[in-house]
Amino acid sequence: MDRAKDGKIAVLMFHGVPDVVHPWVTLDPDKFRDFMAYLFEEHFNVIAMRDLQRYVDPTSFPEDPMAKARYNDVPLDR
């Protein structure tokens with residue numbers, strides 16, 4: 001979340017709250033509320049992926065869109 005500042009975007013993916021059809025990706029509703037409360041308290045703007053186009057230019061693509069994912073030096077457990 002440290003990198004989601006100064007106009008940068010962090011993508012958090014929640015498959016289902018709860019997702020009873022796919023139990024291996026489900027999230028307890030209370031835990032989801034905790035995540036959302038944290039984001040609110042820290043003044044993050046939470047949007048649905050379908051609304052992302054309002055914030056970025058959908059016609060502009062990076063030369064290597066996966067570079068940041070492959071070379072991310074921030075541990076995932078932060």
**Prompt:** Identify, please: which residue in the range 1-11 is in contact with a Phe, Trp or Tyr (Cβ under 9 Å, 6 or more places away or on another chain) and surrounded by 11 or more Cβ atoms within 10 Å (Cβ to Cβ) and is, among those, farthest from ASP57 (Cα to Cα)?
**Reply:** MET1
**Item:** Where a residue in the range 53-78 is more than 18 Å from ASP6 (Cβ to Cβ) and its partner, wherever it lies, is at pLDDT 75 or above and not in a loop (DSSP other than H, G, I, E, B), with Cβ under 6 Å and at least six apart
**Value:** none
**Asked** When PHE40 is evaluated against the numbered criteria (1) in contact with a helix residue (DSSP H, G or I) (Cβ under 6 Å, 6 or more places away or on another chain); (2) of a type outside the set (Lys, Arg); (3) farther than 28 Å from MET66 by Cα, which criterion, by number, is the only one it fails?
**Response** (1)
**Request:** Select from the range 23-42 the residues that are loosely packed, with under 10 Cβ neighbours inside 10 Å and at pLDDT below 85 and write down the one among them that is nearest to ARG3 (Cα to Cα).
**Result:** TRP24
**Item:** Of residues in the range 1-22 being at pLDDT 80 or above and over 19 Å from LEU39 (Cβ atoms), the one nearest to the chain's Cα centre (by Cα)
**Value:** PRO18
**Request:** Among the residues of the range 43-68, write down those that are assigned to a loop (DSSP other than H, G, I, E, B) and either modelled with pLDDT of 85 or more or in contact with a helix residue (DSSP H, G or I) (Cβ under 7 Å, 6 or more places away or on another chain) (or both).
**Result:** HIS43, PHE44, ASN45, VAL46, ILE47, ALA48
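The values are calculated or read from the model by the stated rules, or taken from the named source; none is laboratory data. Everything numeric in this text was worked out from a predicted model, so none of it was measured. Reconstructed Cβ throughout: ideal geometry from the backbone, glycine too, with neighbour counts over all protein chains shown.
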